[in-house]
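Below is one structure; the comments refer to it alone.
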Amino acid sequence: MTNSIEEVEYNDAIFVIGSNTTENHPVIGTFMKRALRRGAKLIVADPRRIELADYADVFLQIKPGTNIALLNGMMHVIIEEELYDKEYVAKNTENFEDLKLVVKDYTPEVAAEICGVDKEDIIKAARIYAKAERAGIYYAMGITQHTTGTHAVMSISNLSLLCGNIGKEAAGVNPLRGQNNVQGACDMGGLPTDYPGYQKVFKPEVQEKFERAWNAKLSNKVGLTIPEIMNEAEEGKIKFIYIMGENPMVSDPDINHVRKALTNLDFLVVQDIFLTETAELADVVLPAASFAEKEGTFTNTERRVQRVRKAIEPVGNSKPDWKILMELMDRLGHDRVYTHPSEIMDEIRTVTPSYAGISYERLEGEGIQWPCPDVNHPGTKYLHKEKVARGKGLLMAVDHRDSAELPDKDYPFIFTTGRILYHYHTRTMTGRVEGLNKLAPTSFVEINESTANKLNISNGEKVRLVSRRGSVETYAKVTDIVDEDVLFMPFHYAESAANYLTNTKIDKTAKIPELKVAAVRIEKLGR
Amino acid sequence: MANIIINGKGYQVEDGITILEACNRLGIDIPTLCHDERLEPYAACRLCVVEIKGKGKLETSCSTKVRDGMEIETHSERVIRARKEILDLLFSNHPNDCLTCEKSGECKLQDYCYEYGIVEGTYIGEKKNYPLDESNPFYTFDPNKCILCGKCVRVCSELQGTNAIGLKDRGFDTKVSTPFDMGLATSKCVSCGNCVAVCPVGALMPKKRERYRAWEVRRVKTTCSYCGVGCQMYLLVKGDKVVGVEPAKSRPNNGLLCVKGRFGYNFINHPDRLKTPLIKRNGKFEEATWEEAYDLIVSKINEIKGKYGPDAFAGLTSARCTNEENYLFQKMFRALIGTNNVDHCARL
Ligand code: SF4
Ligand code: SF4
């Protein structure tokens with residue numbers, strides 16, 4: 001997030017696109033509702049009529065995979081009606097003419113046609129966003145999990161730059177990160193192109209820096225992303241995989257493919273707190289301690305580094321992940337031992353500029369938001385304060401492109417996936433909480449009432465969904481949350497996992513699979 | 001700034017704050033059952049009354065702003081008499097079961113009755129007799145213990161923004177309830193438990209699997225392990241078990257949680273937890289020691305690296321693990337195995 005969570009309450013306009021905030025980031029959802037109580041305006045764009053849609057000034061129920069067309073349509077109106085921040089654009093951005101040229105074609109009529117919404121609503125949304133003094137955009141996987149994900153993110157950035165809604169308190173671009181420490185895992189170099197602090201592995205000066213810091217010879221070859229790893233494993237090029245605390249056998253697209261990849265290895269190590277679907281396939285399983293049993297830090301979606309504190313001893317013979325890694329690294333010739341995670345943080349700050357001022361001592365109060373370049377720096381509440389980080393904000397004109405797989409005669413429905421309030425990711429944790437299972441016991445597929453009528457499917461009936469990659473059985477939930485040609489299914493449930501159906505086609509830049517759009521058919525089972 | 005006198009002593013305080021806020025900042029203790037600094041002032045319980053020179057009646061300090069020259073008495077005889085009267089009334093219409101009440105030890109009514117010497121209610125008459133609402137899987141509502149401070153209703157509407165509950169009827173029959181009295185399970189309630197967290201008495205209580213008394217548990221502040229909001233919370237620990245969770249009033253969540261953070265903790269001590277390393281032999285997992293597991297992994301790493309080189313390795317690090325663990329994991333792959341094939345499910 002460029003802004004802080006506390007700033008959400010002070011937005012004048014909130015634009016939520018591709019995020020079911022009240023279910024997936026519930027506490028941020030409460031900040032949004034409080035902003036509305038203060039009089040903020042709300043624009044919601046989502047293929048589903050989510051809770052926030054009920055409070056929205058404009059709700060755009062767009063077809064899955066049409067975010068860019070909508071954003072371009074809004075920018076068309078904003079430029080046409082001269083509602084953009086001319087001074088900001090002139091002073092702080094580049095490429096305005098290109099953007100103007102591209103969005104020219106996206107008249108409200110054209111955009112409305114692609115998105116399947118009313119053109120008046122696009123105009124209204126554009127006016128609300130552009131006229132607000134401080135507007136925040138909030139998005140999640142509904143933007144990124146498309147083959148056009150990177151472009152959609154650029155498009156969002158275009159919109160905010162166009163209206164000068166960046167680098168200010170309570171105005172900015174705010175991706176909401178799904179998992180507790182996905183921000184931190186990226187910050188710490190859990191990426192094939194990046195050392196900690198987003199320092200690129202292919203830059204000679206960076207390589208040299210880390211070779212000196214770690215006293216090791218390092219590779220400058222960019223590594224593989226998960227989809228690539230799975231492909232190469234299936235082809236037999238990757239022989240050894242070590243998985244720490246992830247469950248790709250439920251979370252990744254095309255599970256049949258993941259299974260083939262993981263069973264084709266010479267050796268698979270899985271380290272987790274439960275025997276997950278993925279751990280079942282391992283050669284060695286290492287028992288890890290849960291978050292309640294260890295010291296450490298997580299970095300939340302507003303870049304706040306916060307302490308995790310040990311409440312109980314690790315259960316059984318399990319060990320905290322850092323200890324397991326340290327003991328293994330020791331056997332592989334690592335030259336250091338740590339007696340406490342704070343000592344690992346002390347090493348992190350010497351190689352990670354944005355964490356340079358962070359120590360356990362300083363985290364005692366309310367944590368610190370990076371960038372925090374030195375020990376006297378208070379941390380950073382919102383980004384791009386003086387100017388956009390790279391100097392001038394680059395407006396990147398992008399066009400709408402269709403999703404990789406569109407519905408056709410054999411697979412006539414658009415299938416989209418997501419999370420629900422009562423479960424988390426692959427349910428390894430929430431699936432073991434009785435009350436949560438009581439509130440959300442089984443997987444289901446949301447199907448529009450009139451579609452259900454046409455297919456003679458009643459609420460609660462068992463149905464089969466089939467895509468080009470696989471099929472699953474689940475229960476029909478007849479509802480008006482989705483449009484007639486859209487089916488939605490939460491991906492949490494291993495026993496009828498939505499990811500048997502999803503498409504592995506990825507965004508070329510970010511390598512994110514298109515989990516939000518696949519073509520499926522639905523079959524009545526007659527039982 | 002305003003110059004005021006409290007209990008005969010002069011102070012300078014910020015303009016525009018309430019008497020209660022001023023006293024809180026100055027460390028002068030004023031009892032209240034219905035106040036929460038995150039909510040609009042409500043002035044319902046009237047326990048926070050103070051005497052202001054020149055005013056005939058007592059004023060509620062939570063809703064009265066300081067003014068320059070104000071002279072305030074927070075514990076005068078008249079004030080104390082009024083507070084005793086209020087507590088007596090409340091306790092007269094309250095089940096007298098502190099011995100077995102789960103809230104005992106952290107109940108505000110109990111604390112204030114102790115402080116003001118209320119032993120029993122002197123108003124004898126009809127007591128409330130409503131059925132319990134146990135329909136929510138995570139918490140119960142006992143309307144008989146409810147003192148109608150309205151905090152739960154206001155938190156649900158003002159902070160949580162769900163509006164699942166309201167105050168129904170008037171006078172003696174007033175009651176916190178869901179629309180049409182249909183029970184919490186069929187209401188809009190999203191089980192965040194934020195109402196439970198502010199109930200000053202034992203009316204709204206979490207359902208517990210392990211029984212414990214307030215003074216038996218340790219509170220450990222930590223970060224929620226579910227979504228990226230990173231709410232701050234306390235784990236309640238009894239012996240070697242996590243037996244509950246309470247929200248922390250600090251950034252970013254300021255005392256709020258959602259159902260997962262608040263009630264989704266039973267996985268921690270779940271019997272399915274992995275407790276020992278496992279090695280697969282002939283397609284079956286067998287328990288192993290850490291030494292055996294490490295030795296096997298290291299020998300496989302050396303063997304495969306010798307045969308195929310470092311780029312035959314790949315590691316999936318974890319958005320669930322700590323920064324320190326992610327740092328070590330990628331360091332292991334880069335510095336010790338020699339490949340940049342490290343990724344995690346940021347994209348999923
Ligand atoms: S649990 Fe949350 S949603 Fe339910 S009544 Fe309480 S505050 Fe409202
Ligand atoms: S309590 Fe809920 S909103 Fe807060 S971090 Fe946990 S899962 Fe996210």
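The values are calculated or read from the model by the stated rules, or taken from the named source; none is laboratory data. Note that the structure is predicted; figures quoted are calculated from it, not measured. Every residue, glycine among them, receives a Cβ derived from its backbone with ideal geometry; neighbour counts consider all protein chains shown. Keep in mind that these areas ignore ligands, DNA and RNA; they rest on the heavy atoms of the full protein, side chains included. Shrake-Rupley method; radii C 1.70, N 1.55, O 1.52, S 1.80 Å.
A few points about this structure:
- Stretching the chain fully between residue A:57 and residue A:442 yields a gain of 135.3 nm (0.36 nm per residue, less the alpha carbon separation).
- All aspartates and glutamates inside 13 Å of residue A:524 as judged from Cα atoms, apart from same-chain residues fewer than 8 positions distant: A:461, A:473
- Helix-only [θ]222 nm of chain A, DSSP H runs n ≥ 4, -39500 (n - 2.57) each, per residue, nearest 500: -8500 deg cm²/dmol
- When accessible surface is computed with a 1.4 Å probe, chains B and A are found to bury approximately 11200 Å² between them, both chains counted.
- In terms of its C-alpha gyration tensor, chain B comes out prolate, because a/c is 1.5 or above and the ratio a/b outweighs b/c.
- Cα gyration tensor shape for segment A:29-186, rounded if a/c is under 1.5, else prolate or oblate: rounded
- Net +/- balance of residues flanking residue A:245 in space, Cβ distance below 9 Å, scoring K and R +1, D and E -1: -3
- Every Cα-Cα pair in segment A:325-407 was counted, and those over 18 Å apart are 64% of them.
- Based on Cα contacts under 8 Å between residues 6+ apart, segment A:413-524 shows a relative contact order of 37 percent.
- For residue B:315, the residues 5 or more places off, or on other chains, whose built amide H falls under 5 Å of its own are A:242, B:342, B:343.
- Close amide H pairs (under 5 Å, H built 1.01 Å from N) link residue B:244 with B:236, residues at least 5 positions away or on another chain.
- Scaled against 2.2 N^0.38 Å for its residue count N, the alpha carbon radius of gyration of the protein assembly as shown is 1.00.
- Computed over chain B: relative contact order in percent, which uses C-alpha pairs under 8 Å that are six or more apart: 10
- Average other protein chain Cβ within 10 Å of Cβ, residues B:244-252: 4
- Sorting the segments A:176-182, A:336-342, B:254-260, A:346-352 by their residues' average number of neighbouring beta-carbon atoms within 10 angstrom, most packed first, yields A:176-182, B:254-260, A:346-352, A:336-342.
- The fraction of Cα-Cα pairs per 5 angstrom bin, counted from 0 for segment A:430-470, comes to 6, 17, 20, 16, 17, 15, 8, 2 percent, rounded to whole percents.
- Under 19 Å between alpha carbons - lysine pairs in segment B:268-348 that sit 8 or more apart or on different chains: 5
- Within the same chain, aspartates and glutamates fewer than 8 places from residue A:385 are excluded, and of the rest, those with a Cα less than 20 Å from its Cα are A:6, A:7, A:9, A:12, A:85, A:87, A:94, A:133, A:169, A:302, A:374.
- Once the C-beta distance of residue B:5 and residue A:346 is scaled by a Förster radius of 56 Å, the resulting FRET efficiency is 0.60 to the nearest 0.05.
- Among the listed pairs A:310/B:151; A:124/A:508; A:409/A:454; B:84/B:127, those whose Cα-Cα separation exceeds 22 Å are A:310/B:151; A:124/A:508.
- Taken along the Cα-to-beta-carbon direction at a fixed 7 Å, the label points for residue A:480 and residue B:286 span 6.3 nm.
- Shape of segment B:128-207, Cα gyration tensor, a/c cut at 1.5: rounded
- 29 Å Cα cut-off, lysine pairs counted over segment A:137-249 (separation 8 or more, or different chains): 16
- q = 0.15, 0.16, 0.23 Å⁻¹, segment A:414-488: log10 I(q)/I(0) [Debye, one scatterer per Cα]: -0.57, -0.64, -1.11
- For segment B:248-303, the share of alpha carbon pairs falling in successive 10 Å distance bins from zero is 18, 26, 19, 18, 18, 1 percent.
- In terms of overall dimensions, the C-alpha atoms belonging to segment A:255-373 reach 45, 31, 29 Å along their principal axes, ordered largest to smallest.
- Estimated translational D of segment A:157-308 in µm²/s (Stokes, Kirkwood radius over Cα pairs; 25 °C; 0.890 mPa s): 134
- Cα gyration tensor of segment B:309-348 - equivalent ellipsoid semi-axes, whole Å, descending: 18, 12, 5
- Take each residue in A:309-321, count the other chain C-beta atoms within 10 Å of its C-beta, and the mean is 6.
- Taking amide H as placed 1.01 Å from N in the peptide plane, the amide H of residue B:183 sits under 5 Å from that of B:178, each at least 5 places away or on another chain.
- From the C-alpha gyration tensor of segment A:220-274, square roots of 5λ in Å: 17, 14, 12
- With N the number of residues in segment B:2-91, Rg(Cα) / (2.2 N^0.38 Å) evaluates to 1.02.
- For segment B:37-53, 3J(HN,Hα) computed residue by residue from phi via the Karplus equation (6.51, -1.76, 1.60; θ = phi - 60°) reads 4, 7, 10, 4, x, 10, 6, 9, 7, 6, 5, 7, 4, 9, 9, 10, 4 Hz, glycine and proline entered as x.
- Measuring between their Cα centroids, segment A:234-279 and segment B:21-88 lie 63 Å from each other.
- Shape analysis of segment A:349-492 based on the Cα gyration tensor places the equivalent ellipsoid semi-axes at 45, 25, 13 Å, largest first.
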